[in-house]
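Visitor: Could you have a look at this structure, given as structure tokens, before my questions?
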Amino acid sequence: MGLVMLGSASPALADCVTVGSVTTCNGYVPEGINFGTVSGRTVNVQPGATLGSGLGTDALRITNSSGVSAVAITNSGTINGSITMLSVGTGLDSLTNNGLITFTSPSSVVATSGISMAGATFIQSASGTLAFRFDSASFSDTLLANRATLNGTFRALVQPGLYEQVTSYSGVISTFSGTTGTFASVQSSSPFFTASMEYVGGGADLTLAHQGIEWVIWATSERWKHACEDLEPQIFLVAQAVGAALDDADLVV
């Protein structure tokens, strides 16, 4: 099943209830929601609720035909998949993330997935997490907004592949009117990489840098390192050698 129009006879949409111009989602909607064209709407994804991306379609899609009545989406649960907000006005509509926005559907393509809201404002609070995928070909999920307020956590979901020592990703976040704030934490899903964000030109770029195995062992488990040395010193010597070799080579995650 693909993206479902709100109001269609889908059992999953019983988990999203609309009263007047306010839609509240409390459950699991695996196929995502297409609100179609509306004239102002408030959407609340509650804690514990999840909007999925179906068969690679958007998890949430909405078009605001009004330049006066705003569309305001607040996510306090999980949105797993692309989000598309089409706005007539500029800066009127908004998406606030207090929960998790991520992309894990195997049918969605890294290079073409993300959050597209060129006429709207993206806001992430201190409790929000934005988790984008990054691959070895320098492609990633992206955010395009009119303006963005950044806070909370950004997590780089490192995909399997052959990586250079340093891999750069430009335009991970792009805006037309600039950004306010920065992410409080930028993390990598892989212990073999560090992730860093550079805020430039009204947006943000990301860099993945790979770490040697010896450093990873030391940083992630001091007790494991000592156990290796005590039980079988040769094990740790091999890890050191492999780590040194990988420092000058590509890395397979």
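Visitor: Go through the stretch 85-103 residue by residue and tally those that are surrounded by fewer than 20 Cβ atoms within 10 Å (Cβ to Cβ) and farther than 20 Å from residue 154 by Cα.
Guide: So the answer is 5.
Visitor: Further question: Give the stretch 79-96 a look and list any residue that's part of a strand (DSSP E or B) and either of a type in the set (Val, Ile, Thr) or within 11 Å of the chain's Cα centre (by Cα) (or both), or say none.
Guide: Correct list: 79, 80, 83, 84, 96.
Visitor: Where residues in the stretch 65-84 are β-branched (Val, Ile, Thr) and within 16 Å of residue 33 (Cβ to Cβ), which of them is surrounded by the most Cβ atoms within 10 Å (Cβ to Cβ)? Steps first, please.
Guide: Residues of the stretch 65-84 β-branched (Val, Ile, Thr): 68, 71, 73-74, 78-79, 83-84.
After this cut, where a residue has to be within 16 Å of residue 33 (Cβ to Cβ) as well, the list is 71, 73-74, 78-79, 83-84.
Values: 71: 27, 73: 24, 74: 18, 78: 20, 79: 29, 83: 25, 84: 18.
The qualifying residue surrounded by the most Cβ atoms within 10 Å (Cβ to Cβ) is 79.
Visitor: State which residue pairs qualify: first residue touching a residue at least 24 places away in the same chain (Cβ under 8 Å) and farther than 28 Å from residue 119 by Cα and inside the stretch 168-196, second residue of a type in the set (Lys, Arg) and surrounded by 15 or more Cβ atoms within 10 Å (Cβ to Cβ) in any location, beta carbons under 7 Å apart, and separation of 6 or more residues or different chains.
Guide: 187/155; 189/155
Visitor: Okay, next question. Kindly indicate whether any position in the stretch 106-116 is part of a strand (DSSP E or B), in contact with a Ser or Thr (Cβ under 6 Å, 6 or more places away or on another chain) and of a type outside the set (Asp, Glu). Even if it seems obvious, please write down each step before you answer.
Guide: Going through the stretch 106-116, the residues part of a strand (DSSP E or B) turn out to be 114-116.
Those left that are additionally in contact with a Ser or Thr (Cβ under 6 Å, 6 or more places away or on another chain): 114, 116.
Then keep just the ones that are of a type outside the set (Asp, Glu); that gives 114, 116.
Scanning the stretch 106-116, I find at least one residue that is part of a strand (DSSP E or B), in contact with a Ser or Thr (Cβ under 6 Å, 6 or more places away or on another chain) and of a type outside the set (Asp, Glu), so the answer is yes.
Visitor: Residues being exposed (fewer than 15 other Cβ atoms within 10 Å of the Cβ) and aliphatic (A, V, I, L, M): count how many of those fall in the stretch 119-130.
Guide: 1
Visitor: Among 93, 135, 141, which is closer than 27 Å to residue 39 by Cβ and of a type in the set (D, E, K, R)?
Guide: Answer to the selection: 93.
All of the numbers you see were taken from the coordinates with simple rules; none came from a lab. Keep in mind it's a predicted model, so treat the numbers as computed, not measured. As a convention, Cβ positions derive from the backbone with ideal geometry for all residues, glycine included, and neighbour counts pool all protein chains shown.
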